[in-house]
Amino acid sequence: MKDFNGMKWSDLTQEEKELLMSEARTVDARNGQSVNDGECIVDLLYPYSVSGRVVGGEIIVDQEAVIYNPEA
């Protein structure tokens, strides 16, 4: 798989975004609990994450958000 670490969300193709979001879950960085509304960390396809938010049940990632590997 391609190394997405350090890439901006806007640098990805639509297919890459869909692949990374295929197993997405939203988490509160302070306590690790699931987030249903508001700012969060989006855990993408393992091992990647990105900052985002949930609005009306939809996960939103800003185009300038940087993807990172929390295990690196």
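The values are calculated or read from the model by the stated rules, or taken from the named source; none is laboratory data. Being a predicted model, the structure only gives us computed values, none of them experimental. Because the Cβ atoms are built from the backbone with ideal geometry, glycine has one as well, and the counts that use them run over all protein chains shown. Ligands, DNA and RNA are excluded from the accessible area calculation, which covers all protein heavy atoms including side chains. Shrake-Rupley method; radii C 1.70, N 1.55, O 1.52, S 1.80 Å.
From the helices alone, meaning DSSP H stretches of at least four residues, give me the mean residue ellipticity at 222 nm for the chain, per-run term -39500 (n - 2.57), in deg cm²/dmol to the nearest 500.
Calculated mean residue ellipticity at 222 nm is -3000 deg cm²/dmol.
First compute the accessible area of the range 18-72 with a 1.4 Å probe, then give the percent of it belonging to carbon and sulfur atoms.
Carbon and sulfur atoms account for 47 percent of the accessible area of the range 18-72.
Expressed as a rounded percentage, what relative contact order does the range 24-72 have, with Cα pairs under 8 Å and six or more residues apart?
It rounds to 29 percent for the range 24-72.
With just the Cα atoms of the range 30-72, tell me how far they stretch along each of the three principal axes, in Å, largest first.
31, 25, 17
Which longest uninterrupted range of the chain lacks any GluC sites (Glu not before Pro) assigned by DSSP to a loop state (not H, G, I, E or B) and surrounded by at most 16 other Cβ atoms within 10 Å?
Here the longest segment lacking exposed loop sites spans 24-63.
Could you give the dipole magnitude of the chain about its Cα centre, charging the beta-carbon of Lys and Arg +1 and that of Asp and Glu -1, in debye to the nearest 20?
For this selection, approximately 120 debye.
Between Gln33 and Val66, what FRET efficiency follows from the Cβ-Cβ distance if R0 is 25 Å, with the result rounded to 0.05?
0.60
Give me D for the chain in µm² s⁻¹, whole number, from Stokes-Einstein with Rh from the Kirkwood sum over alpha-carbon pairs, 37 °C and 0.692 mPa s.
270
Test of understanding: given the chain, find the longest segment containing no trypsin sites (Lys or Arg not before Pro) that are in a DSSP loop and have at most 13 other Cβ atoms within 10 Å.
Longest gap between qualifying sites, sites excluded: 31-72.
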